[in-house]
Structure formats: structure tokens, C-alpha cells
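What follows is one structure encoded as C-alpha cells, with my remarks underneath.
The values are calculated or read from the model by the stated rules, or taken from the named source; none is laboratory data. Here the structure is a predicted model, which means the values were calculated and not measured. Backbone-built Cβ (ideal geometry, glycine too); neighbour counts: all protein chains shown.
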Amino acid sequence: MADKRKVNGSRKDDHIFDQAIRTANILVNMFGPRCEVAVHDFSDLHRSLIHLAGTITNREIGAPITDLVLRELKKPSSEIKDIQNYTTTTNKGLLLKSSTVFLRDKEGVIIGALCINFDISLLMQLNGELQQFINFEANQTTVENFYTSVKEIIEGLVRSVLQEFNKAPGQLDLDEKIECVRKLEQKGTFLIKGAHEYIAAVLNVSKFTIYNYLQKIRAQDEYNLD
């Protein structure tokens, strides 16, 4: 059971994370080696993984947050709900049944998450009594990727957006580049340090051009909300 609670430093909410860590260890001890439970501290999204019980996703302490959680964090805090019983797939092709519980402080602010992953690859071959256990309640189109580095998460998000345009980044016109930045903004990409520079290089524009795109996009979004 990996644990490095101090990777993001001591804070007033340590007792919440300590309880989550104990819960993670108990769940893995109860459900065995096909279970993995991760505890994330959102004070540093670049290395948010502070505890990992189990080894299903092959991550290490200090790994970044997942893209699924990033998308949730873009929402107003009051709209963010726990996500239960959704399916994900590891890089090695294992099918997981997953749930994410968001951790909140006494003011209701989201400060982290406890994420449960259970390898159901073999169970999916069974029928009858196991059907109730492997029933999925969440949207089956939910996608979550597990990253081992900050560079990998940025590359993955950019790659997923560029695939929608069916052309090389250098062939994108101005409107398409702005739309690309808009989609990346919606995915929470710019919450990650270094994203501006990487995306600027991919789109062959300056970092300040990316900032200008974002300023325009956010101004339009605020106008539409009004």
C-alpha cells in the first residue's frame, strides 16, 4: 500500500485525508488484489495522488489528477456530485468498475477525492448471480484516463481534441484554433501548469496568442451567461 501523505504538504484538513486513507486500505483488504483505491489532494493537481492502495492502474504517488475529475472541477462546486458505478479501461486493457467520492471541508469546498477501481475483466465473463454486481448506473460513454505524468495528461487532452478536426494542427485555420482552445478549456486543460506553452507549440502560435484566445473565449462565455 503506497502512501506519501506529505507530498503536498501539511494542511488543516489532514484529518479528512487520513480518514480517506484508512478507508482506502480497508476497502482493498476487504475486496482483495483486484481492487484499487486512490486518494487525491486537490491542493496540487499536478501531483494530486497522495495515497494508493492496490496496483491496478500502475500509478505512483505524485501522479496527476485524471481527466474525468478535471472536467468535474470546471463545474461550480454546488453542481459537482459523486460519480458512482462507471466503467473505465486501463492502458493494459483491464475493464474497471469505478466510483469517485469527492472530499469536502467543513465549508463544503471540494478538497480532494477518494476513487475506487475494481477490475471486473474476469467477472464480465460470468452471468447469473454476478449480473447485479456488475450493473452500471452511470453514463456508459464516460471516459477516464489514468496518467503517470503531467506531460502525459496534457498530451492526452490535446490529442483527444485534435482528433475531432481530422487534420494536422498546422492546417487549422484561425477559427479552428480558437475552437480547439475552447474545447481544451472546457476539459479543464488550462488548470494544468505548462498547458499554455505546450498547446502554443502544437498550434504553432505564441503563448500570448493562447492567452488572447482564452480571454476572448471566457469573455464570450460570461456574456452568454448574462
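Below is a table of values for the structure above.
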| quantity | calculated |
| --- | --- |
| Filter result for the condition that a residue is in contact with a Lys or Arg (Cβ under 6 Å, 6 or more places away or on another chain) and not assigned by TED's automatic domain parsing to the domain that holds E60, over L162, L203, L174 | L203 |
| Output for segment 145-164, where each listed residue is part of a loop (DSSP other than H, G, I, E, B) and surrounded by fewer than 20 Cβ atoms within 10 Å (Cβ to Cβ) | N145, T148, S149, Q163, E164 |
| Some residue of segment 166-173 being modelled with pLDDT of 90 or more and of a type outside the set (S, T, Y) | yes |
| Restricting segment 210-226 to residues that are hydroxyl-bearing (S, T, Y) and surrounded by fewer than 18 Cβ atoms within 10 Å (Cβ to Cβ), the residue that is farthest from L157 (Cα to Cα) | Y223 |
| In segment 165-196, residue farthest from D67 (Cα to Cα) [restricted to those that are over 19 Å from the mean Cα position of the chain (by Cα) and surrounded by 13 or more Cβ atoms within 10 Å (Cβ to Cβ)] | L172 |
| T209 in contact (Cβ under 8 Å) with a residue 12 or more places away in the chain and of a type outside the set (A, V, I, L, M) | no |
| Residues (in a loop (DSSP other than H, G, I, E, B), free of Cβ contacts under 8 Å to residues at least 24 places away in the same chain and closer than 22 Å to R218 by Cα) located in segment 166-205 | D173 |
| Flag if D18 is without any contact (Cβ under 8 Å) to a residue 40 or more places away in the chain and exposed (fewer than 14 other Cβ atoms within 10 Å of the Cβ) | yes |
| Condition broken by F42, with the remaining ones in (1) at pLDDT 95 or above; (2) closer than 27 Å to S121 by Cβ; (3) not acidic (D, E) satisfied | (2) |
| Hey, H40 in contact with a Lys or Arg (Cβ under 7 Å, 6 or more places away or on another chain) and either among the small types (G, A, S) or not assigned by TED's automatic domain parsing to the domain that holds Q186 (or both) or not | no |
| Any hit, segment 64-82, residues being buried (at least 16 other Cβ atoms within 10 Å of the Cβ) and assigned to a strand (DSSP E or B) | no |
